[in-house]
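Q: Before anything else, here's the structure in question.
The values are calculated or read from the model by the stated rules, or taken from the named source; none is laboratory data. Nothing here was measured: the structure is a model prediction, and the numbers come from that model. Cβ placement follows ideal geometry from the backbone for every residue including glycine, while neighbour counts extend to all protein chains displayed.
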Amino acid sequence: MKRTPLNKETAHDTEPAGAGPEDYVVVDELGDFTYYPSKTAMLEDLEYVDEAASILDRAGNNFHLTLEEGRKLRLGSSFGRVEFTWLRQTWINDRRREPQAHRLLRLYPTTLDALLAGIFETLTLEFASSATSSPWVLGVAGKVTHPATLRDVDGVLARLDHLERVTVRDPFGHDYRPIRHATHRLHAPGAGAIYYVEIEPHAGKADHRP
């Protein structure tokens, strides 16, 4: 897998809700998850049939790669919906294996539909390089701003010594408590990776979360 960077022209110029009806998530042979905004982008990035252990659309249909004439990769027919327990455990393992690559820590999903929605949403937010029409909502000491991407949120919070009075909401309406993980006790107060831990939704709020 070449891991071609997703740019703003192809990846994230769509609305968060219901974005990219032709997008896919690939779980590779190592258990890593990669988001692709289109079938074309996916097939251009993948290199051999067994590279993808599972290819998922938003409905949870499970695909494998096949070879067409000329040994060109193509997407095969779906062989049913992905199995919930396997997908959730593989997703958890991926995030534990590379924690700094996956810093949006959503609540654990209890249904396949919630898990699929969470995977697609989280991956698009983690790798977005340009704004959508639904920005983030960042509250710092009572002042609200609207950063375009997670990278922009990181940039604001990196300049703060303390995160206790910070609130974060993503474009899909999920609220988080930011926590800074210092890599060394001698580092400056503002140093270290920032993780975003999802907060339980308030009573009465529609619970569409994984």
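Q: Looking only at segment 129-144, decide whether some residue is within 23 Å of THR34 (Cβ to Cβ), part of a helix (DSSP H, G or I) and of a type outside the set (Asp, Glu).
A: No: segment 129-144 contains no residue that is within 23 Å of THR34 (Cβ to Cβ), part of a helix (DSSP H, G or I) and of a type outside the set (Asp, Glu).
Q: So ALA11 passes all but one of these: (1) more than 13 Å from the chain's Cα centre (by Cα); (2) of a type in the set (Gly, Ala, Ser); (3) modelled with pLDDT under 50. Which condition number does it fail?
A: All conditions are met except number (1).
Q: Also: Do we find that LEU112 is of a type in the set (A, V, I, L, M, F, W, C) and in contact with a Lys or Arg (Cβ under 8 Å, 6 or more places away or on another chain) in this structure? Spell out how you get there, then give the answer.
A: Numbers: of a type in the set (A, V, I, L, M, F, W, C): yes; in contact with a Lys or Arg (Cβ under 8 Å, 6 or more places away or on another chain): yes.
Criteria met by LEU112.
Q: Counting only residues that are under 19 Å from GLU83 (Cβ atoms), surrounded by 14 or more Cβ atoms within 10 Å (Cβ to Cβ), in contact (Cβ under 8 Å) with a residue 40 or more places away in the chain and hydrophobic (A, V, I, L, M, F, W, C), how many does segment 37-70 have?
A: Residues in segment 37-70 being under 19 Å from GLU83 (Cβ atoms), surrounded by 14 or more Cβ atoms within 10 Å (Cβ to Cβ), in contact (Cβ under 8 Å) with a residue 40 or more places away in the chain and hydrophobic (A, V, I, L, M, F, W, C): 1 in total.
Q: Quick check on my filter: what residues within segment 101-122 are of a type in the set (Phe, Trp, Tyr) and not in a loop (DSSP other than H, G, I, E, B)?
A: Just the residues of segment 101-122 that are of a type in the set (Phe, Trp, Tyr), to begin with: 108, 120.
Passing the criteria: only PHE120.
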